[in-house]
Amino acid sequence: MSRYNFKQAEAKWQSVWEDRGCFAAGEGGDKPKYYVLEMFPYPSGRIHMGHVRNYTLGDVVARYKRARGFNVLHPMGWDAFGLPAENAAKENKVRPARWTEQNIATMREQLKSMGLSYDWSREIATCDPDYYRHEQKMFLDFLKQGLVYRKESWVNWDPVENTVLANEQVIDGKGWRSGANVENRLLSQWFMKITAFSEELLQDLETLDRWPARVRLMQEKWIGRSEGAYMFFDFDGRNGGKGGRLEVFTTRPDTIFGASFCAIAANHPLSQDLSEDDADLRAFITECGSAGTSEAAIETAEKIGYDTGVRVRHPFDDERTLPLYVANFVLMEYGTGAIFGCPAHDQRDLEFARKYGLDVLPVVAPRETPQEPIGESFVIEDEAFTDDGVLINSAFLDGLGVEEAKSAIIERLDAADAGRPGVNYRLRDWGISRQRYWGCPIPVIHCPDCGIVPVPEEDLPVVLPEDADLEAPGNPLDNHPTWKDADCPACGKPARRETDTFDTFFESSWYFARFCSPHADTAFTREAADYWLPVDQYIGGIEHAVLHLLYSRFFTRALKQCGYLGIKEPFEGLLTQGMVCHETYRDENGKWLYPDEVEITGDKSARVLDGPQGGSAVTVGRSEKMSKSRKNVVDPESIIETYGADTARLFMLSDSPPDRDLDWTEAGIEGAWRYVNRLWRLVNAPDSKKPFSKFGATRPDMKADEKEFPGLIFTLKEIHKTISKVTEDLERFHFNKAVARIRELTNTLDDLAGNDDSAAWVRRHGLEAIVLLLGPMMPHLTEELWHSLGHETLLADTPWPEAEADLLVEETVTIAVQVNGKLRGTLDLPKDSDDQMAETAALALENVTAAIAGKPIRKVIIVPNRIINVVV
RNA sequence: GCGGGCGUGGCGGAACUGGUAUACGCGCAGGACUUAAAAUCCUGUGUCCUAGUGACAUGUGGGUUCGAGUCCCACCGCCCGCACCA
């Protein structure tokens, strides 16, 4: 039996599409625009299954929208800066630029072999000076707008990568890529003022109704807005020393009368001041710093404090003073780095107070109940009371509820000069300096006289030197003998270039805009950006829910402020795809094995592939995300080599919904392969004598045949129902359901009997529908079949099929008949039958009368065209 | 600890706003073709039994309803995010 020659077909159609420029995008025309974008890859060397899934999903959307008459922009490029290139330079003595270039060449060919409908003329690589010169210009514009600034700050230092990490890049106290414990270091760093947009970034999440709720929620939590008050506590210095005013942030200003201490972070400026003449405090601060930020340390860390001896005055009660502690659980990075402690109503403060014998004065008591009037009987034991209640022991606040008390105290803050209402965010400014070579140079010059001077725009780009030494420890640009030497653009004296480079999230924060006009002399033209942006559908991994997606949202606002573009939100729709997983295998010694080193012998059992007898037993582990370390990877190239791109694409779409994890299985890809061949045979080796290409487009008159061949009409209806359902499924990204429905139609066509012209026409009509519907999913096979069916045009240029409305209407419906909620039979009735008639018919069913068994009928529930339930 | 999501056959998963649970695929079993195998095709396949127009089944236990996989409450398990955030 002949088989589909995918190798020949895939190569042929790929070159036809390319030669005819099928997927080149241009602005203008009457068609509505549609910009579909998949997250561009880091050129690590070879594509992996995660890429295959991501880009298959994107290609289905792109090809579908094109068929639906949209002017589609579907570009691809490379997120080409990053540390692996530097590591490769060290290991293999190859320049990062060369290594990256080679990887891009390999991966481009691999992506092309998948038959993805990209406009390759728009390809970009972020390590290209022609790309990064524009972001250097943006940086200078941000500087003018006050959106970027430099400050000395404590940073997360990754000792393995020898660089700074953003807070978002620290996971459980470890570097997101190296996994090394992150250290604290004080460095002078460039920051982007993302916090200037905290409120906007939070509020506008509500407008992103085509984003997954969970991503919006993650961003909401990350921004972490909390309302409360900033409050002041005045204090006198120790031993008559310098006094001052301590500012704290609290979300519970209502509990101010329950305050029994204040505490500040170890790296709070006041801690530093006080430690100057206090050796014990210096020792304590060191202890706090060395406790480490590993998750184990944080979880088990006991709350410890150091009593500075300073007493702060209660803002609403001159008679009261509170001790000031330096405490390990107070974070300098949040709020003002200082708190007041109210042990009765905060669990952390309670633990601290118990440890140091501080007062625990309840100021909120549970509301009065008939059993328990509000009284002095309310005592705090081991648990702080954090629920709503009634204020007590609180002077003018007594008797108020928590919310009322908050408002009341906030109103008095100003008059009492005790503080101000305020909002605080967890979000911190984005530190963008990295001490790495393979990134975009930050275009400023440090002059001993003029300070920080921007590189003049006509001198951009500041290009990376090709001869930096990447093997010496430290920052390669800083180590370079001459690169950093530059004359001050302001005064002309010798000065020094900034040697830090941008965090690589900088490049990915605006690449979607560059794709609009990738060859422009500016970052992008306003015209092209106005036409294409925002991205209508963005597709990528959930791992970027906070990092990349939040930075891009911020960047778009910053660019808008600088007049680059007119939109706030870059991505209107977002689809986050699940991971590609595979079973794991270990041999007797616990060593990981690749799937192709293993022979599956049964359910959850396997042995080492080793000659005809097979080797030793293998432990089959649960399916986990494909990773090199566990060796549970399958190489896309070998899959495409064996089964073809279309088979791989079909499998990626058919087994799981896109947002869920997908299990890669040998059986699954085989199943997809079988279907590919089955479809090919249906078209190329039909049961009838005549090949399908010989049937004209004229539809036989089947009205006359309806009685004679009800199967024909039934099948015709199924064809159009499938068109309608699949269209709906694709609109909602239910690709797995779409595949299932198309397979159902394939089964129906297979069952269609008859060899006359009418039957052959219906069969051909059905096959055409299948080919059209599968077009976005399996573009090569369907293009091939489209031609076998006698078409001269390209399927890629063919509009999406339309379901004929009158074929979607059912004349009869099957109604379920229940007795007391249990199914007792079904009834075929004309659609929209009269209720009375339906009831009579239902009660006449033999099985129904048996179930009723003469009992009196209490009620009959009739849902038209659906169900009849007889209650007895 | 807090927040969110998910629990449906041997497996991946269907089931629109409560209305015939298990579509489609995988796997498995039997059969056809073949000297044989592969490929292909056909048939069957939730569980149980007394085999029926039967009973029981959507993590567990309750509830609402004529009717619950779907809604409500409690619990169990798994996954993800955040984590001393004042």
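Bear in mind that the values in this text are calculations on the coordinates, not laboratory data. Computed from a prediction, not measured in an experiment: that's the story for all the values here. All Cβ positions, even for glycine, are placed from backbone atoms using ideal geometry, and neighbour counts span all protein chains on display.
Partners of residue A:859 within straight-line reach, counting lysines whose Cα lies under 18 Å from its Cα and excluding those fewer than 8 residues away in the same chain: A:822. Placing a label point 7 Å from the Cα of residue A:807 along the Cα-to-Cβ line, the residues of the stretch A:715-731 whose backbone N sits under 13 Å from it are A:715-725. Which FRET efficiency, nearest 0.05, do residue A:348 and residue A:90 yield, Cβ-Cβ r, R0 45 Å? Here the calculated transfer efficiency is 0.50. Here the extension length gained between residue A:383 and residue A:450 equals 18.4 nm, from 0.36 nm per residue of separation less the Cα-Cα distance.
The residues A:386, A:715, A:126, when put in order of fewest to most other Cβ atoms within 10 Å, stand as A:386, A:715, A:126.
With K and R counted +1 and D and E -1, the other residues having a Cβ less than 15 Å from that of residue A:488 yield a net charge of -1.
Estimated from helices alone, the mean residue ellipticity of chain A at 222 nm is -10500 deg cm²/dmol (sum of -39500 (n - 2.57) over DSSP H runs with n ≥ 4, per residue). For a modelled paramagnetic label at residue A:596, 7 Å from Cα along Cα-to-Cβ, the residues of the stretch A:642-671 in reach, with backbone nitrogen under 12 Å, are A:642-643.
Backbone phi angles across the stretch A:446-451, fed through the Karplus curve with coefficients 6.51, -1.76 and 1.60 (θ = phi - 60°), yield HN-Hα couplings of 9, 10, x, 9, 8, x Hz in residue order; Gly and Pro are listed as x. Prolate is the label for the stretch A:94-244. Its Cα gyration tensor axes, ordered a ≥ b ≥ c, give a/c of at least 1.5 and a/b above b/c.
Grab the Cα-Cα distance for residue A:3 and residue A:814, subtract it from 0.36 nm times how many residues apart they are, and report the gain in nm with one decimal. Don't skip to the answer; put the middle values down first.
On the way: separation 811, 0.36 × 811 = 291.96 nm, distance 4.09 nm.
Going from the current span to full extension adds 287.9 nm.
For a 21 Å ceiling on Cα separation, which of these pairs sit above it: A:221/A:560; A:12/A:737; A:591/A:625? Over 21 Å Cα-Cα: A:221/A:560; A:12/A:737. How would you classify chain A from its alpha-carbon gyration tensor, with a ≥ b ≥ c the square roots of the eigenvalues: rounded for a/c under 1.5, else prolate if a/b is greater than b/c, otherwise oblate? Taking the square roots of the gyration eigenvalues as a ≥ b ≥ c, chain A is oblate.
The Cβ shell under 15 Å around residue A:70 holds other residues with a net charge of -2, Lys and Arg each +1, Asp and Glu each -1. Computed 3J(HN,Hα) for the stretch A:83-99, one whole-Hz value per residue from the Karplus formula 6.51 cos²θ - 1.76 cosθ + 1.60 where θ = phi - 60°, is 5, x, 5, 6, 5, 4, 4, 5, 6, 10, 6, 10, 5, x, 5, 5, 4, glycine and proline marked x.
For residue A:68 and residue A:404 in the same chain, what is the full-extension length gain: residue separation times 0.36 nm, less their Cα-Cα distance, in nm?
Length gained between residue A:68 and residue A:404: 115.3 nm.
Of the trypsin sites (Lys or Arg not before Pro) found in the stretch A:53-100, those in coil by DSSP whose Cβ has at most 13 other Cβ atoms within 10 Å are A:93.
Nearest 0.05, what FRET efficiency do residue A:46 and residue A:681 give at R0 = 35 Å with Cβ-Cβ as r? Walk me through the intermediate numbers first.
Values: r = 34 Å, r/R0 = 0.96.
Once rounded, the FRET efficiency stands at 0.55.
What ranking, highest mean first, results for peptides A:749-757, A:150-158 when packing means the other Cβ atoms within 10 Å averaged over each residue?
On the way: A:749-757: 14.2, A:150-158: 16.8.
Highest mean packing first, the order is A:150-158, A:749-757.
Each label point was placed 7 Å from the Cα along the Cα-to-Cβ direction; for residue A:416 and residue A:98 their separation is 7.1 nm.
At an R0 of 35 angstrom, the distance between the Cβ atoms of residue A:317 and residue A:217 translates into a FRET efficiency of 0.30.
Ranked by the mean number of other Cβ atoms within 10 Å of their residues, highest first, the peptides A:339-347, A:309-317, A:27-35 fall in the order A:339-347, A:309-317, A:27-35. With a simple spin-label model that places each label point 7 Å from the Cα along the Cα-to-Cβ direction, the separation between residue A:858 and residue A:227 comes to 5.0 nm. Is the C-alpha gyration tensor of the stretch A:458-546 telling us rounded, prolate or oblate? Criteria: a/c under 1.5 is rounded; beyond that, a/b larger than b/c is prolate, otherwise oblate. Note, shape of the stretch A:458-546 comes out oblate.
Among the GluC sites (Glu not before Pro) in the stretch A:455-485, those placed in a DSSP loop whose Cβ has at most 13 other Cβ atoms within 10 Å are A:466, A:471. Would you tally the net charge around residue A:139, using a Cβ to Cβ cut-off of less than 13 Å, leaving residue A:139 out, and scoring K and R as +1, D and E as -1? Charge balance near residue A:139 sits at -2.
Ordering A:432-442, A:801-811, A:246-256 by mean Cβ neighbour count within 10 Å, with the highest value first, yields A:432-442, A:246-256, A:801-811.
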